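The values are calculated or read from the model by the stated rules, or taken from the named source; none is laboratory data. Computed from a predicted structure; not experimentally measured. A quick note on method: Cβ atoms are made from the backbone with ideal geometry, for glycine too, and the neighbour counts reach across all protein chains shown. Side chains included, ligands, DNA and RNA excluded: accessible areas come from the protein's heavy atoms. Shrake-Rupley method; radii C 1.70, N 1.55, O 1.52, S 1.80 Å.
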Amino acid sequence: MLKKIQPIVTLVGAGPGDPDLLTIKGAKALAEANVVLYDALANEEILSYAPKKAIKIFVGKRKGCHEYTQDQINQLIVDNALTYGHVVRLKGGDPFIFGRGGEEIDFVESFGIPTFVVPGISSSIAVPAYQGISLTKRGVSESFWVITGTTSDRKLSNDVALAAQSSATVVILMGMSKLSQIIDLFQKESKGETPVAIIQNGTTDQEKIGVGTINTIQQVVTENKLSSPAIIVIGEVVKESNKLKGFYEEFISKEIK
């Protein structure tokens, strides 16, 4: 008698890039996977936690290069769960921070398939932390915003304009293509001297960093050839980082000259 397939789906946050930042619970879930569907931002080294016999399917999406649409990914999760049993959906960062994890859970559960979520370390917090940037710091920043730079209709989020009016630290994901618009919004609020850090491929061996101010950051991006995937951190906490002080002072001295 054939053993009945028990479909289960576990969303696992892969963390910001460094494979050592995968949680223990995430590694345990991968060890029990029959199928792993993984994103472009999930470090492929993490796949080593899954059984060798597990099916690994790349479903990554990057600007201008989509292996699958979101609807196709949703259906792949369900089809593989019904066919093979335990599917681990491995997503960069945390599944519920601009990861469409909620959409995927809703779709899977509409088929009556049990779901579980293993939170991941979000790049919005971990990438700045690796550079010594404390998003909140007593006497400097009482709060922080985490905003997507590009909405589902490919426009800049309206929340960026609201964040520019506040004294909070602002962290923008997926915002490199909208950098000039972001700068304009902060300049309109007379924040041209506000420190900015842009961190590309944060927490990985390919990490690149640029530090300046709202007024100078575009020049920094050009000089350092920074591009996506990158995180933009705007706020006084940037210059509070001991690790970045040398970078910041160098770019400020260039501006003065």
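Just wondering, is there one or more residues in the stretch 52-62 that are within 17 Å of ARG100 (Cα to Cα), assigned to a helix (DSSP H, G or I) and either among the aliphatic types (A, V, I, L, M) or in the same structural domain as ARG100 (by the TED database) (or both)? No: zero hits. ALA40 meets the conditions (1) open to solvent by 20 Å² or more (accessible area, probe 1.4 Å); (2) hydrophobic (A, V, I, L, M, F, W, C); (3) in contact with a helix residue (DSSP H, G or I) (Cβ under 9 Å, 6 or more places away or on another chain); (4) in a loop (DSSP other than H, G, I, E, B) in every case but one. The failed one is (3). Among the residues of the stretch 125-162, those that are aliphatic (A, V, I, L, M) and farther than 22 Å from GLN200 by Cα comprise VAL140, ALA161, LEU162.
Considering (1) touching a residue at least 24 places away in the same chain (Cβ under 8 Å); (2) over 25 Å from PRO16 (Cα atoms), the lone condition that ASN201 does not fulfil carries the number (2). When each of PHE186, PHE144 is tested for being more than 30 Å from ASP79 (Cβ to Cβ) and either open to solvent by less than 30 Å² (accessible area, probe 1.4 Å) or at pLDDT below 95 (or both), the lone residue that passes is PHE186.
Select from the stretch 4-25 the residues that are part of a helix (DSSP H, G or I) and touching a residue at least 40 places away in the same chain (Cβ under 8 Å) and list them in ascending order. Passing the criteria: LEU21, LYS25. Here the stretch 159-195 is the region considered, the condition is being hydroxyl-bearing (Ser, Thr, Tyr) and not in a loop (DSSP other than H, G, I, E, B), and the residue that is nearest to VAL233 (Cα to Cα) is THR169.
Here's the yes/no breakdown for (1) surrounded by 15 or more Cβ atoms within 10 Å (Cβ to Cβ); (2) closer than 21 Å to SER241 by Cβ:
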{"residue": "ASP153", "(1), (2)": "no, no"}
{"residue": "SER167", "(1), (2)": "no, yes"}
{"residue": "GLY175", "(1), (2)": "yes, yes"}
{"residue": "ILE198", "(1), (2)": "yes, yes"}
{"residue": "VAL211", "(1), (2)": "yes, yes"}
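Take VAL127 and tell me if it is at pLDDT 95 or above, open to solvent by less than 60 Å² (accessible area, probe 1.4 Å) and outside the structural domain of ILE24 (by the TED database). So VAL127 passes the test. Within the stretch 196-232, being assigned to a strand (DSSP E or B) and either more than 14 Å from MET174 (Cβ to Cβ) or among the basic types (Lys, Arg) (or both) holds for VAL196, ALA197, LYS208, ILE209, GLY210, VAL211, GLY212, THR213. Among the conditions (1) surrounded by 14 or more Cβ atoms within 10 Å (Cβ to Cβ); (2) under 30 Å from TYR84 (Cα atoms); (3) free of Cβ contacts under 8 Å to residues at least 24 places away in the same chain, GLY112 misses just one, which is (1).
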